[in-house]
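No value in this document is a laboratory result; all are computed from the given coordinates. Note that the structure is predicted; figures quoted are calculated from it, not measured. Neighbour counts run over all protein chains shown; Cβ positions are idealised from the backbone, glycine included.
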Amino acid sequence: MIATQIIQSISGCKKTLQAISFVALIVCAAPPILFYLDRIDMDAMKRWMLIGTIVWFAVTPLWMKK
Amino acid sequence: MVVVFLSFGVIALPQLGVTSLSDFWTVANERIWTGGEPLPGRVKFTFWHVLFFAWFCNMAMHIGMSDLTIFRYAKKSWYSVATAAGMYLGHFMAWISASLLYALQLHRDPTMTDVLPGPMAFGAAGLVGVICVVIAGWTTANPTIYRAGLAFQAIAPSTSRVKVTLFAGGLATLAGMFPAIAMQLLDFVALYGLVLMPMGAVIFIDFWLMRRLGLRDNYAEWKRISFNWAAGLAWILTLLICLGLVAFGGLQIFFASLPGWFIAAALYIVLSKWYQRNDFETASQEATP
């Protein structure tokens with residue numbers, strides 16, 4: 001019940017959540033390009049991509065229209 | 001998922017030796033798309049195989065009209081362009097990225113010729129790659145299992161759709177656990193696309209052309225009959241012709257579907273003219289505004 005209320009209140013901040021999702025998408029997309037440009041190593045690239053993916057999947061379902 | 005598929009390609013390129021645009025063509029010819037002999041028992045895929053298969057590997061859904069099971073819920077007709085996103089991103093970009101991953105695997109270990117999506121994706125992007133492969137499989141399988149559930153329910157209408165869908169999913173999962181079955185997917189997809197393709201042609205012709213040709217559309221419903229022989233024969237005869245061309249004409253199954261669609265369409269029109277010969281006059285009168 002409390003969890004549902006928390007999710008409902010979080011879901012109310014749609015624009016903020018969309019912004020977080022967009023940042024998460026950038027965090028997924030940018031590391032491979034930085035790796036290609038030899039700015040980061042492979043481990044760092046994988047780590048940042050995983051963080052971006054987790055945030056994307058945690059946040060996006062809260063605002064994406066069903 | 002799209003971002004991760006694109007990333008696979010971007011990650012593979014520097015490891016294959018592409019550090020600038022000028023390197024690309026040389027590396028592409030020498031290390032990525034080098035041609036060569038196929039694995040034992042496999043068909044050699046040329047550019048034309050890839051082109052045809054990219055268009056037709058989901059033929060059962062798009063040309064065979066299985067998509068209609070999902071699009072019956074669409075609120076607007078233009079939602080059907082969603083299939084194009086799957087086609088162009090899934091069949092072109094993802095395939096190119098997959099070929100880069102495989103080239104990278106061979107570059108690292110030339111003896112490692114197994115095609116294992118999970119390990120290849122993990123090697124390129126770590127856990128994110130594995131998540132992408134799992135979700136890609138899941139999202140591809142979901143609508144297909146749903147369709148299979150509907151088909152099972154059509155055979156046994158009294159059964160629960162949830163139960164038959166779970167059964168279909170369980171059966172497919174079990175089959176997918178055996179590499180002997182899973183690794184035959186390419187040929188199987190070509191075959192089941194071929195099996196459904198004629199019915200897609202029948203639906204297309206029935207919806208768009210029958211009235212223009214002075215024939216009755218939705219004939220079985222209008223006539224209150226349970227079997228439309230024109231549709232049934234168009235389906236069976238097209239399959240026999242296509243399979244005959246594959247078995248005896250030397251045509252590879254990947255190339256049979258394109259001519260097959262036109263054969264099915266022509267057969268359905270000709271057979272409908274014959275089948276509806278007694279109703280022809282009535283139908284043409286009603287079609288005239």
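Is at least one residue of segment B:28-42 surrounded by 16 or more Cβ atoms within 10 Å (Cβ to Cβ), within 14 Å of another protein chain (Cβ to nearest Cβ) and either in a helix (DSSP H, G or I) or of a type outside the set (S, T, Y) (or both)? Checked segment B:28-42: no residue is surrounded by 16 or more Cβ atoms within 10 Å (Cβ to Cβ), within 14 Å of another protein chain (Cβ to nearest Cβ) and either in a helix (DSSP H, G or I) or of a type outside the set (S, T, Y) (or both). For segment B:5-27, the set of residues classified as of a type in the set (S, T, N, Q), surrounded by 11 or more Cβ atoms within 10 Å (Cβ to Cβ) and assigned to a helix (DSSP H, G or I) consists of B:S7, B:Q15, B:T26, listed by residue number. The number of residues in segment B:69-88 being part of a helix (DSSP H, G or I) and either under 14 Å from the mean Cα position of the chain (by Cα) or without any contact (Cβ under 8 Å) to a residue 60 or more places away in the chain (or both) comes to 13. Consider segment B:225-236 and keep the residues that are more than 21 Å from the chain's Cα centre (by Cα) and either touching a residue at least 60 places away in the same chain (Cβ under 8 Å) or in a helix (DSSP H, G or I) (or both). The one that is surrounded by the most Cβ atoms within 10 Å (Cβ to Cβ) is B:A231. Here is the figure for segment B:156-185: residues that are closer than 25 Å to B:M59 by Cβ, part of a helix (DSSP H, G or I) and without any contact (Cβ under 8 Å) to a residue 12 or more places away in the chain total 9. Here B:A151, B:A124 are screened, and the one residue that is closer than 29 Å to B:E30 by Cα and surrounded by 13 or more Cβ atoms within 10 Å (Cβ to Cβ) is B:A124. Here is a check on your reading of the model: is B:W222 free of Cβ contacts under 8 Å to residues at least 60 places away in the same chain, farther than 18 Å from B:W48 by Cβ and touching a Lys or Arg at 6+ places or on another chain (Cβ under 6 Å)? Yes, satisfied. For the residues B:V130, B:V134, the requirement of being within 14 Å of another protein chain (Cβ to nearest Cβ) and either surrounded by 14 or more Cβ atoms within 10 Å (Cβ to Cβ) or under 28 Å from B:G260 (Cβ atoms) (or both) singles out B:V130.
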